[in-house]
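Visitor: What follows is a single structure, and I will ask about it in a moment.
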Amino acid sequence: MPVYFSLRETVGITEKIIKENVSNTFFDYPMFFSELMTILPGEQPSPGIVLSKRLYQTNYEGGITPGVIGALYIDYRDWLIPILFFTSFIIYFLYKKSLGSDMYKLLYALTITQFFHIYHRGFFKPEYLVAYAIVLFYVFISSLKKEETI
């Protein structure tokens, strides 16, 4: 049920974005990546809150999640399908490489988990980059330890 209810919200918001032909008139950079700017000093609005106020003209302080399809549609329209195809290809590539490598198993598991999260959330968040940095740091540290014991 949680998956159904989450996807129902995402599909409804994406439908409204496409039906109203919403485009990024809020930021000077792609709205899909605007969540990255919220970590900078000062006050930057999150894309979910901006979208909530644009689509539903509400004073509610919370944001909405359009899902990756809706978020990419706002900025990239016709490029939505090739972007998702390329992302799927990367996931497939990591899967195939993971069959023979523990490092690729880690990267595949992380990538598929992050994809499920962004599929629901929609906007690219800083945590996606930090997760890879942490995993790659641990892989690097473990490789140093491995070399010392030889």
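The values are calculated or read from the model by the stated rules, or taken from the named source; none is laboratory data. Quick caveat, the model's predicted, so the values are computed rather than measured. We place every Cβ from the backbone using ideal geometry, glycine too, and count neighbours over all the protein chains shown. The area values use the complete protein model at the heavy-atom level, side chains included, leaving out ligands, DNA and RNA. Shrake-Rupley method; radii C 1.70, N 1.55, O 1.52, S 1.80 Å.
Visitor: Output the helices (runs of 4 or more DSSP H) that fall wholly within the stretch 1-100 and possess 1 or more residues being touching a strand residue (DSSP E or B) at 6+ places or on another chain (Cβ under 8 Å) and without any contact (Cβ under 8 Å) to a residue 40 or more places away in the chain, or say none. Please lay out each step first, then the result.
Guide: On the way: elements: 2-19, 47-56, 67-76, 80-98.
In the stretch 1-100, no matching helices (runs of 4 or more DSSP H) lie anywhere.
Visitor: Then there is this: Just to be sure I understand, how many residues within the stretch 82-107 are touching a Phe, Trp or Tyr at 6+ places or on another chain (Cβ under 8 Å) and within 19 Å of V68 (Cα to Cα)?
Guide: Selection size over the stretch 82-107: 3.
Visitor: Right, A131: of a type in the set (G, A, S), in contact with a helix residue (DSSP H, G or I) (Cβ under 7 Å, 6 or more places away or on another chain) and over 21 Å from L51 (Cβ atoms) or not? Break it down stepwise before answering.
Guide: Values: of a type in the set (G, A, S): yes; in contact with a helix residue (DSSP H, G or I) (Cβ under 7 Å, 6 or more places away or on another chain): yes; over 21 Å from L51 (Cβ atoms): yes.
It is true that A131 is of a type in the set (G, A, S), in contact with a helix residue (DSSP H, G or I) (Cβ under 7 Å, 6 or more places away or on another chain) and over 21 Å from L51 (Cβ atoms).
Visitor: Being at negative phi, β-branched (V, I, T) and open to solvent by less than 40 Å² (accessible area, probe 1.4 Å) narrows it down to one of I69, I64, I81, so name that one. Explain how you work it out, then say what you get.
Guide: Working: I69 fails: open to solvent by less than 40 Å² (accessible area, probe 1.4 Å); I81 fails: open to solvent by less than 40 Å² (accessible area, probe 1.4 Å).
Result of the check over I69, I64, I81: I64.
Visitor: I've got another one for you. For P41, only one of the following conditions fails: (1) surrounded by 15 or more Cβ atoms within 10 Å (Cβ to Cβ); (2) under 20 Å from P126 (Cα atoms). What is its number?
Guide: Result: P41 fails condition (1) only.
Visitor: Which of the residues that make up the stretch 84-102 are closer than 29 Å to S52 by Cα, of a type in the set (S, T, Y) and either in contact with a His (Cβ under 7 Å, 6 or more places away or on another chain) or open to solvent by less than 60 Å² (accessible area, probe 1.4 Å) (or both)?
Guide: Residue satisfying the conditions is T87 alone.
Visitor: Looking at (1) open to solvent by 60 Å² or more (accessible area, probe 1.4 Å); (2) in a helix (DSSP H, G or I); (3) modelled with pLDDT of 90 or more, which is the one condition that is false for Y138?
Guide: With respect to (1) open to solvent by 60 Å² or more (accessible area, probe 1.4 Å); (2) in a helix (DSSP H, G or I); (3) modelled with pLDDT of 90 or more, Y138 is out only on (3).
Visitor: Can you find even one residue in the stretch 103-123 that is aliphatic (A, V, I, L, M), assigned to a helix (DSSP H, G or I), in contact (Cβ under 8 Å) with a residue 40 or more places away in the chain and open to solvent by 50 Å² or more (accessible area, probe 1.4 Å)? Steps first, answer last, please.
Guide: First pass over the stretch 103-123, keeping only residues aliphatic (A, V, I, L, M): 103, 106-107, 109-110, 112, 118.
Within this subset, residues satisfying the condition of being assigned to a helix (DSSP H, G or I) are 103, 106-107, 109-110, 112, 118.
Subsequent filtering for residues that are in contact (Cβ under 8 Å) with a residue 40 or more places away in the chain retains 118.
This time we only want the ones that are open to solvent by 50 Å² or more (accessible area, probe 1.4 Å), so: none.
Within the stretch 103-123 (the criterion being aliphatic (A, V, I, L, M), assigned to a helix (DSSP H, G or I), in contact (Cβ under 8 Å) with a residue 40 or more places away in the chain and open to solvent by 50 Å² or more (accessible area, probe 1.4 Å)), the answer is no, since none of the residues qualifies.
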